[in-house]
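See structure below.
The values are calculated or read from the model by the stated rules, or taken from the named source; none is laboratory data. This one's a predicted model, so the numbers in the text were calculated from it and none came from an experiment. Virtual Cβ from ideal backbone geometry, glycine too; neighbours counted across all protein chains shown. Just so you know, the surface numbers come from the protein's heavy atoms only, side chains and all, with ligands and any DNA or RNA stripped out. Shrake-Rupley method; radii C 1.70, N 1.55, O 1.52, S 1.80 Å.
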Amino acid sequence: MKPVQPKKHLGQHFLTDLNIAQNIVEALRLPGGVQDVLEVGPGMGVLTQYLVQHPEYKTTIVDIDRESIAWLNEHFPQLEGRVLLADFLKTDLKTLFSGPFAVIGNFPYNISSQIFFKVLDHRDQVPEVVGMIQKEVAERIAAPHGSKTYGIMSVLLQAFYDIEYLFTVHEHVFNPPPKVKSAVIRLTRNQVPQLPCNERLFMQVVKASFATRRKTLRNCLKLFNLPQEVAQDKLFDKRAEQLSVQDFIQLTLLIQEHAV
């Protein structure tokens, strides 16, 4: 069977460096005895070949590309029944996995943010993620508050996960080479089962705060119709990037209590 041709419209850039592939797989730690591993966008199986070397893993792979799926079925017969032709973003993960599972992959750049938001929706089932993504996105996710790259994804993911920027990957180890550098990050579920505030409101507050990030929170959060005495709190003098996750929780609790 001929090698799979990377498809631009699917954002495919196949990793060709086997040492890097092995390092990505070895970054998985599978906390708490988790066995199920879901690989997203396996392409021609550069990561898969190392995942299947771990007999303790129950590996499932999902790809939207029919050509890749045909290749993977031929080359990984031991994964029979667990090579899925599907769109990860539309896959019902609760049906696919009844218990916890880790997520790994060389994520397509064009949907990497959406992959992390889907992980966030399933945070009670996903204790760990190891992913290779665009370096700029990795830096944004891992950025501390006060950084210019700190944003919505930083806050929402850091509320529920410990983020580690593991290493940078250069363009020349891909086919075709992307125009940007990549990076591998690891997300590990933290010890916060749920936030001490309304989580839906928390997400609304974070998104509204960064909508016009140069403005102070007093201007960004007018839509919540806070009483004037509440809006005079010094917290509202700051811009969104200056607030930690805990600050956003406090802000949400304030709005919960006083919004009219």
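Some points to look at:
- Pairs where the first residue, in region 99-124, is farther than 23 Å from Gly151 by Cα and the second is surrounded by fewer than 17 Cβ atoms within 10 Å (Cβ to Cβ) and among the charged types (D, E, K, R), C-beta under 9 Å, 6+ apart: Pro100/Asp124; Phe101/Lys58; Ala102/Arg29
- Scanning region 161-200 for residues that are over 21 Å from the mean Cα position of the chain (by Cα) and within 25 Å of Leu253 (Cβ to Cβ) turns up Pro196, Cys197, Asn198.
- Residue pairs whose Cβ atoms lie under 8 Å apart, separated by 6 or more positions or on different chains, with the first residue in region 163-175 and under 27 Å from Lys7 (Cβ atoms) and the second of a type in the set (A, V, I, L, M, F, W, C) and surrounded by fewer than 15 Cβ atoms within 10 Å (Cβ to Cβ), are Glu171/Val180.
Table: residues versus (1) touching a strand residue (DSSP E or B) at 6+ places or on another chain (Cβ under 8 Å); (2) of a type outside the set (Val, Ile, Thr); (3) at pLDDT 95 or above.
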site	(1), (2), (3)
Ala102	yes, yes, yes
Asn110	no, yes, no
Lys118	no, yes, yes
His122	no, yes, yes
Glu128	yes, yes, yes
Glu136	no, yes, yes
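- Residue check for Ile249: closer than 17 Å to Gln204 by Cβ, aliphatic (A, V, I, L, M) and in contact with a Pro (Cβ under 7 Å, 6 or more places away or on another chain): yes
- Each residue in region 159-184 was checked for being open to solvent by 50 Å² or more (accessible area, probe 1.4 Å), polar (S, T, N, Q) and at pLDDT 95 or above, and 1 pass.
- The residues listed here are Leu187, Leu251, Leu243; of these, the one that is under 16 Å from His145 (Cβ atoms), in contact (Cβ under 8 Å) with a residue 60 or more places away in the chain and surrounded by 20 or more Cβ atoms within 10 Å (Cβ to Cβ) is Leu243.
- Total residues in region 224-240, condition open to solvent by less than 30 Å² (accessible area, probe 1.4 Å) and either among the basic types (Lys, Arg) or within 15 Å of Ile152 (Cβ to Cβ) (or both): 1
- Candidate set from region 79-122 (those that are of a type in the set (S, T, N, Q) and outside any strand (DSSP E or B)); member that is most open to solvent (accessible area, probe 1.4 Å): Ser98
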